[in-house]
Amino acid sequence: MTAAPSKRPAEWLREHFKSNPKASGVLKDAQVDMLVTFVAKRSEKAVDAWQNAPPSAVEGALIYQANECATCHKLNGVGDELGPSLNGVGERHERAWIEQHFADPAKFSPESMMPATKFKPEDLKFITDYITSIPK
């Protein structure tokens, strides 16, 4: 899935993922939409980013999904716009800022509605690796 964007139409991919016995009932609609975006709507720059991303970034993507970050943040065109888009966040902020922002969002973004998130140290590394690897 990281080699190249799929040539299949988004609706075909959506139905394919939903009909897969391993995913049926496990993936929420928003997760299926993100998976469709991942395999179909990536730019070549995004494909390169996934191929060159640290292995822990994949773990971070799972943490992103588990914490339902797309409820507030848009990523590659999928998700809500309550918070800022996460595309290119690693170009806008230093790693330390991002890590500290998770613990106390209002301190770093006074208008933020984001709740404080206390990740285990390993999970904080994974999710930070993930969001800093996402190109603009």
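Contact list please: Cβ distance under 6 Å, first residue in region 105-125 and charged (D, E, K, R), second residue part of a helix (DSSP H, G or I), pairs at least six apart or on different chains. Final answer for the pair search is Asp123/Ile63. In this structure, does Glu81 turn out to be surrounded by fewer than 12 Cβ atoms within 10 Å (Cβ to Cβ), without any contact (Cβ under 8 Å) to a residue 24 or more places away in the chain and closer than 21 Å to Leu35 by Cβ? Criteria met by Glu81. Any residue at all in region 94-110 that's of a type in the set (Gly, Ala, Ser) and either in contact with a Leu (Cβ under 6 Å, 6 or more places away or on another chain) or crowded, with 16+ Cβ neighbours inside 10 Å (or both)? No, there is no match, as no residue in region 94-110 is of a type in the set (Gly, Ala, Ser) and either in contact with a Leu (Cβ under 6 Å, 6 or more places away or on another chain) or crowded, with 16+ Cβ neighbours inside 10 Å (or both). Of the residues making up region 62-86, those that are modelled with pLDDT of 90 or more and not in a helix (DSSP H, G or I) are Cys72, His73, Lys74, Asp80, Glu81, Leu82, Gly83, Pro84, Ser85, Leu86.
Here Thr128 meets each of (1) part of a helix (DSSP H, G or I); (2) over 23 Å from Met34 (Cα atoms); (3) in contact with an Asp or Glu (Cβ under 9 Å, 6 or more places away or on another chain) with one exception, condition (2).
The values are calculated or read from the model by the stated rules, or taken from the named source; none is laboratory data. Since this is a predicted model, take the numbers as computed values, not measurements. Because the Cβ atoms are built from the backbone with ideal geometry, glycine has one as well, and the counts that use them run over all protein chains shown.
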